[in-house]
Amino acid sequence: MQPPIVRRALVHDLAGAGEVSVAAFVGDGHTRPDSPYVELLRDAARRDREAELLVAVDGSGAVLGCVTFAPGGTPWADTAGPGEGEIRMLAVGPAARGRGVGRALVEASIARSRELGLGGMAFSTRPAMTAAHRIYEALGFVRTPERDWSPVPGTDLMVYTMRF
């Protein structure tokens, strides 16, 4: 099996990226199907316009996964401060799991942060997203509990950071 190709999303990737995002977050039980967050997950075009949407595709161009990348201080950065990059909505389609897609997307985000001259990364994750935590820790991110936060009551988020 060939490794995924990771690149900036193209127009024809957007519908697939939205569907992969919904499938991952709702299918894994991280987001309720009736949550307003589902529409934000599905609206990959907005994420690409207002931040940067990176996709992982296979040789046929099918979207396997995606991640939203935003520099700190921009509207899509919830956790990252100035000089940091942030990832949001990392999603891998169920059929593509175990193929290195999530890792490749996070590595591309690290590379993008470095390309922009940022000094590190900071981002939030839910406690139950343990598969993603394994990727982050394997790549050198560290838990930074003093930056943990809650965007709404009942939703606790953990923060991971990395310095370059």
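The values are calculated or read from the model by the stated rules, or taken from the named source; none is laboratory data. The structure presented is a predicted model; accordingly, all values stated were derived computationally and were not measured. Positions of Cβ are generated from backbone atoms using ideal geometry, with glycine treated the same way; all protein chains shown enter the neighbour counts.
From the list PRO75, PRO94, PRO36, PRO82, pick out the single residue that is touching a residue at least 60 places away in the same chain (Cβ under 8 Å) and surrounded by fewer than 16 Cβ atoms within 10 Å (Cβ to Cβ).
Unique residue meeting the criteria: PRO94.
To keep it simple, each residue is scored yes or no on (1) among the aliphatic types (A, V, I, L, M); (2) within 15 Å of the chain's Cα centre (by Cα).
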{"residue": "PRO3", "(1), (2)": "no, no"}
{"residue": "VAL6", "(1), (2)": "yes, yes"}
{"residue": "ALA9", "(1), (2)": "yes, yes"}
{"residue": "ALA15", "(1), (2)": "yes, no"}
{"residue": "GLY18", "(1), (2)": "no, yes"}
{"residue": "VAL22", "(1), (2)": "yes, yes"}
{"residue": "GLY29", "(1), (2)": "no, no"}
{"residue": "SER35", "(1), (2)": "no, no"}
{"residue": "LEU41", "(1), (2)": "yes, yes"}
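Would you tally the residues in segment 1-41 being among the charged types (D, E, K, R) and part of a strand (DSSP E or B)? Walk me through how you get there before you give the answer.
First pass over segment 1-41, keeping only residues among the charged types (D, E, K, R): 7-8, 13, 19, 28, 32, 34, 39.
Adding the requirement that they be part of a strand (DSSP E or B) leaves 7-8.
Residues that pass the stated criteria total 2.
With the structure loaded, tell me whether ARG88 is outside any helix (DSSP H, G or I), over 23 Å from LEU139 (Cα atoms) and out of contact with any Gly (no Cβ under 7 Å at 6 or more places or on another chain) or whether it fails that test.
Values: outside any helix (DSSP H, G or I): yes; over 23 Å from LEU139 (Cα atoms): no; out of contact with any Gly (no Cβ under 7 Å at 6 or more places or on another chain): yes.
So ARG88 does not fit the description; no.
Considering only residues that are in contact with a strand residue (DSSP E or B) (Cβ under 7 Å, 6 or more places away or on another chain) and among the small types (Gly, Ala, Ser), look in segment 84-98 and name the one that is nearest to GLN2 (Cα to Cα).
The extreme case among them is ALA96.
Can you pull out the residues in segment 84-126 that are closer than 27 Å to VAL26 by Cβ and among the polar types (S, T, N, Q)?
SER109, SER124, THR125
When you look at ALA45, is it under 28 Å from PRO3 (Cα atoms), in a strand (DSSP E or B) and of a type in the set (Gly, Ala, Ser), yes or no? Give the steps one after another, and end with the answer.
Details: under 28 Å from PRO3 (Cα atoms): yes; in a strand (DSSP E or B): no; of a type in the set (Gly, Ala, Ser): yes.
No; evaluated as a whole, the condition is false for this residue.
Is there a residue in segment 123-131 that is within 30 Å of HIS12 (Cβ to Cβ), surrounded by fewer than 17 Cβ atoms within 10 Å (Cβ to Cβ) and in contact with a Ser or Thr (Cβ under 7 Å, 6 or more places away or on another chain)?
No, every residue in segment 123-131 fails to be within 30 Å of HIS12 (Cβ to Cβ), surrounded by fewer than 17 Cβ atoms within 10 Å (Cβ to Cβ) and in contact with a Ser or Thr (Cβ under 7 Å, 6 or more places away or on another chain).
Consider segment 150-160. How many of its residues are modelled with pLDDT of 95 or more and over 17 Å from MET89 (Cβ atoms)? Quick ask: steps written out before the conclusion?
Keep residues of segment 150-160 that are modelled with pLDDT of 95 or more, which gives 150, 156-160.
Then drop every residue that is not over 17 Å from MET89 (Cβ atoms), which leaves 150, 156.
So the answer is 2.
Out of contact with any Gly (no Cβ under 8 Å at 6 or more places or on another chain) and small (Gly, Ala, Ser): which single residue out of SER113, SER109, SER150 fits that description?
Working: SER113 fails: out of contact with any Gly (no Cβ under 8 Å at 6 or more places or on another chain); SER109 fails: out of contact with any Gly (no Cβ under 8 Å at 6 or more places or on another chain).
Answer to the selection: SER150.
Among the residues of segment 100-129, write down those that are assigned to a helix (DSSP H, G or I) and either touching an Asp or Glu at 6+ places or on another chain (Cβ under 8 Å) or of a type in the set (Ser, Thr, Tyr) (or both). Break it down into steps so the answer makes sense when it comes.
Going residue by residue through segment 100-129, those that are assigned to a helix (DSSP H, G or I) are 101-115.
Those that are assigned to a helix (DSSP H, G or I) and either touching an Asp or Glu at 6+ places or on another chain (Cβ under 8 Å) or of a type in the set (Ser, Thr, Tyr) (or both): SER109, ARG112, SER113.
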